[in-house]
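Laboratory data are not the source of any read-out in this text; all were calculated from the coordinates shown. All values derive from a computational prediction rather than experimental measurement. Note that each Cβ is placed from the backbone with ideal geometry, even for glycine, and that neighbours are counted across all protein chains shown.
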């Protein structure tokens, strides 16, 4: 086939979500796509047009329009749009691609020719008039044009791996070149919106066509500008719709940035969408599942506060939030403070993520605390331990999930584990504190206007595997007396309010014994292991996600009412021995039980290489609910008997490790 030096490739399908079948919408007696093709055909510097649709039979009307207009078409993947584009260019031997979407019925053929000229005159990889940076945009949305070499598209096709990059055509190119030419007009018309994506857009475009189209496409960019300036009421038709990059939102939508995109953040992301918030999701891992629900995706190290701020300041945010994750807490507080958004403050974020500061602050506000010492070297750790008359706990001051936590019963244990604990700290600081015997309770709470309220109170049932600092069960409600509950609730309320947290979710761990109640640690977030998003809704009618999203965007005016359900709930956890998983039986059956809920089983598969475990990070768990404690324990027993996993270890074939070895 003879090479096309320049070809327009139009991606078109019927399955649009915001405005169904928009490319077939009627404009003055013809479908939108047919008008667009007639306009593009007027461009003098192109060698052909290719309509790139999908192999879904529902798109046959698009092919019929292409045939009617005597233009080429290509059928390809519905979801891998990048592949569809590449194979279309390859089949028709295209050297340079002019990318236009099928929702631009006011596209200007003269603008296509102008941009081809500029593209040839400049040593750029891609020329665009729709840059990601809105401050550089001058043309209305709906005149969107990108021009780039097919060889560049092939590189993207070969190397792009993320779902986002495969679902779109040019993101990989933009991320991997700095030779980008932004084509600008001499006046800024970027506030005009001529693309077709919403009912309001359709209404505006209909009125423009009714005013300017009289059987021929002899009106162009400047003609439409003059028509709208002469009829200023047209500006208000879709003025409530704003375009950001490739994403559409309404001005009355709240714009929220959620830090984290893994499974723990999925409930928060989904709730933001349910609340009709424009949802921007940030994470360094582009393959995390939360990105599938995002209106915008940001790939960034969540620990890099300055980098996140530099991105966030251009996003016109109403709020920024995270939950069930320790790492982003300080970044959320920092960015909220810099952007003058609702937040907990940098000092509170530091306090609630630093175990040494927690102890120090408890002393300042008059709360009895256990004996402790901050150390950064082995000699000081051993020296302090020798002053105690009991076992000790050695832990990083700033880690979560029991990472790096070790129970000390002799000096040799410190020597063997000090580097492990120190390396688990971001700062290299370690706290040694006396070990407290007793029942360990966990209280998830909520704070609004500085007032604390407990949502649920549960207890840990310890894992008794030697050398492992974790729990076998998290059980709700805790089996304690009303007097004990009153004691720990009073303590946690005094701590959280004494720490002056303005609003948010909290997760606090406390031990009780005959000496009283003692703080282990507290966090300004909901409990991990899906406690916030899974156990709380099993036990109450409170939505952590809705509370956080409304609070961070300034929509909350009072503390929510919390009603408890008369049930027992919790999670049961197990570890897999070091080795390789060789068979799995009963796992899906356990997941499908009517009384089980959230779990972290997604990576358990045959061939999984398992590592040595020391803390809860390596543990696998599943939620469950029952009418009472007796039924809960029976169901835990049933789950243990249902899940049969075989792991090939150095010592032979072993199964899951539950409460004991």
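Annotations for the structure displayed:
- For the stretch 183-213 versus the stretch 567-594, the inter-centroid distance based on Cα atoms is 55 Å.
- Spin-label proximity, residue 612 to the stretch 409-434 - amide N less than 15 Å from point 7 Å beyond Cα toward beta carbon: 413-421
- For 499, 613, the sequence from fewest to most other C-beta atoms within 10 Å is 613, 499.
- With neighbour counts taken as other beta-carbon atoms within 10 Å, the residues 483, 437 rank, fewest first, as 483, 437.
- Computed on the stretch 4-228, with alpha-carbon pairs under 8 angstrom and 6+ residues apart, the relative contact order is 23 percent.
- Highest-first arrangement of 317-329, 284-296, where packing means the average Cβ count within 10 Å: 317-329, 284-296
- The gain in end-to-end length when the residue 423 to residue 287 segment is fully stretched comes to 46.3 nm, 0.36 nm per residue minus the alpha carbon separation.
- With the simple spin-label model, which puts each label point 7 Å out from Cα in the Cβ direction, the residue 77 to residue 387 separation comes to 6.3 nm.
- Considering only the stretch 1-137, percent of DSSP beta bridges that pair antiparallel, nearest 5: 10
- Residue order, fewest to most surrounding Cβ atoms within 10 angstrom, among 575, 601: 601, 575
- Label point of residue 600 set 7 angstrom out along Cα-Cβ; within the stretch 409-432, amide nitrogens under 19 Å from it belong to 421, 424-426.
- With a simple spin-label model that places each label point 7 Å from the Cα along the Cα-to-Cβ direction, the separation between residue 412 and residue 233 comes to 9.0 nm.
- Relative contact order, whole percent, for the stretch 568-654 stands at 48, derived from Cα pairs under 8 Å and 6 or more residues apart.
- Helix 411-423 axis, angle to the chain major axis (alpha carbon atoms, nearest 10°): 20
- Modelled spin labels at residue 627 and residue 479, positioned 7 Å past Cα toward Cβ, are 2.0 nm from each other.
- Shape call, the stretch 43-182: gyration tensor on alpha carbons, a/c limit 1.5: oblate
- Calculated FRET efficiency, residue 188 to residue 42, Cβ-Cβ distance, R0 = 35 Å: about 0.85 to the nearest 0.05.
- Label zone of residue 582 (point 7 Å out along Cα→Cβ, amide N under 11 Å): in the stretch 619-653 this covers 646-653.
- Extension gain (nm, one decimal) between residue 60 and residue 310, 0.36 nm per residue minus Cα-Cα: 85.5 nm
- DSSP-defined antiparallel bridges as percent of all bridges, the chain, nearest 5: 70
- Part-to-part distance (alpha-carbon centres) for the stretch 83-108 and the stretch 345-397, which is given in Å: 62
- The chain, relative contact order [Cα under 8 Å, separation at least 6], %: 8
- Ranked by the mean number of other Cβ atoms within 10 Å per residue, highest first, peptides 632-641, 332-341 order as 332-341, 632-641.
- Residue 161/residue 593 FRET efficiency (R0 45 Å; Cβ-Cβ; nearest 0.05): 0.80
- Cα-based helix-to-principal-axis angle, 329-338 vs the chain, degrees rounded to 10: 50
- Gap separating the Cα centres of the stretch 299-344 and the stretch 600-636, nearest whole Å: 32
- Once the Cα atoms are used to define both axes, helix 81-91 deviates from the longest principal axis of the chain by about 40 degrees.
- Förster radius 41 Å - calculated FRET efficiency between residue 559 and residue 371, Cβ distance, rounded to 0.05: 0.70
- Mean Cβ neighbour count within 10 Å, used as a protection proxy, ranking 584-593, 517-526 highest first: 517-526, 584-593
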